[in-house]
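The values are calculated or read from the model by the stated rules, or taken from the named source; none is laboratory data. Given the structure is predicted, the values throughout are model-derived calculations rather than measurements. Using ideal geometry, Cβ is built from the backbone for each residue, glycine included, and neighbour counts are taken over all protein chains shown.
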Amino acid sequence: MAQLLISVQNVHEAAIALECGVDIIDLKDPNTGALGALTLSEIESIIHFIGSRKQTSATIGDIPMVPHLIKERVVQLQKFPLNFIKIGFFDAADYQACLDELQKFTSSRQQLIAVLFAELQYPEDLLKKIKQAGFSGVMLDTMHKNGKTYLAYYSVTAFENFVNNVLANDLLFGLAGSLQLSHVNAVKKVNLHFMGFRGGVCIKNQRQSKLDCQKIYNIKYALQEELQALNS
């Protein structure tokens, strides 16, 4: 069963995620971009509240592919007991310099997750290079939060091929980007390690709104149903 990842922006939302049985609590600011970063003090407060009760992840923010900028933020996040650090791969002519810089950090206790965007076209060998750099996984997300999901950019076949390529490189695979309850069934044939939600578990599906507990419960239940179907 894919683990359920929910993005939260403060301690109050983290408490809701804990109550709803979320598997991974993701620290992100939905008001400042696709991978908006919380302040270090906000991250510290949330991590202190969660403790070791759940796995946690955090994004470095919408940072361009400039090695020293990405390095600076990763170093800042490394002081926290996070399980995952998410790094967005925004449009760039070459990703190798950033990968070379990040390879220095892949032996740390945090696993690095490369966030690729459905709107962008990436070099064919990028997944291989991401693995060689020591990343643990890849998440497919959307850069523009306009309600469109990966389905607006991938055919079913193209999406399955992409996932197979991720798995063939021995990387974890996660899916996010304006997902809602209906998408749990849409990806039931795909070997997902985690599904990420924000807008789809908020009131009126607005990512800046409050979390809706019932929506989280419904998605959690749907994921459990998929597991039971696979085991039957």
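Applying the selection to the stretch 150-185, what residues are aromatic (Phe, Trp, Tyr) and free of Cβ contacts under 8 Å to residues at least 24 places away in the same chain? Full working, then the answer.
First pass over the stretch 150-185, keeping only residues aromatic (Phe, Trp, Tyr): 150, 153-154, 159, 162, 173.
Result: 162, single match.
Has the stretch 63-80 got at least one residue that is within 13 Å of the chain's Cα centre (by Cα) and surrounded by 15 or more Cβ atoms within 10 Å (Cβ to Cβ)? No, that holds for no residue.
None of 168, 186 is out of contact with any helix residue (DSSP H, G or I) (no Cβ under 7 Å at 6 or more places or on another chain) and at pLDDT below 95 except 186. Scanning the stretch 172-191 for residues that are closer than 23 Å to residue 85 by Cβ and crowded, with 20+ Cβ neighbours inside 10 Å turns up 173, 174, 175, 176, 177, 178, 179. Here's a check for you: in the stretch 137-156, which residue that is modelled with pLDDT of 95 or more and outside any loop (DSSP other than H, G, I, E, B) is farthest from the chain's Cα centre (by Cα)? Among those residues, the one meeting the criterion is 152.
Right, residue 190: part of a loop (DSSP other than H, G, I, E, B), under 25 Å from residue 89 (Cα atoms), of a type in the set (Val, Ile, Thr) and under 18 Å from the mean Cα position of the chain (by Cα) or not? Show your work before the answer.
Numbers: part of a loop (DSSP other than H, G, I, E, B): yes; under 25 Å from residue 89 (Cα atoms): yes; of a type in the set (Val, Ile, Thr): yes; under 18 Å from the mean Cα position of the chain (by Cα): yes.
The answer is yes for residue 190.
Restricting the first member to the stretch 24-43 and to residues that are touching a residue at least 60 places away in the same chain (Cβ under 8 Å) and assigned to a strand (DSSP E or B), and the second to residues that are surrounded by fewer than 20 Cβ atoms within 10 Å (Cβ to Cβ) and not hydrophobic (A, V, I, L, M, F, W, C), the beta-carbon pairs closer than 8 Å and six or more apart or on different chains are 24/3; 24/54; 24/55; 24/83.
Does at least one position in the stretch 50-59 carry a residue that is among the charged types (D, E, K, R) and exposed (fewer than 15 other Cβ atoms within 10 Å of the Cβ)?
Going residue by residue through the stretch 50-59, those that are among the charged types (D, E, K, R) are 53-54.
Those left that are additionally exposed (fewer than 15 other Cβ atoms within 10 Å of the Cβ): 53.
Yes, because at least one residue in the stretch 50-59 is among the charged types (D, E, K, R) and exposed (fewer than 15 other Cβ atoms within 10 Å of the Cβ).
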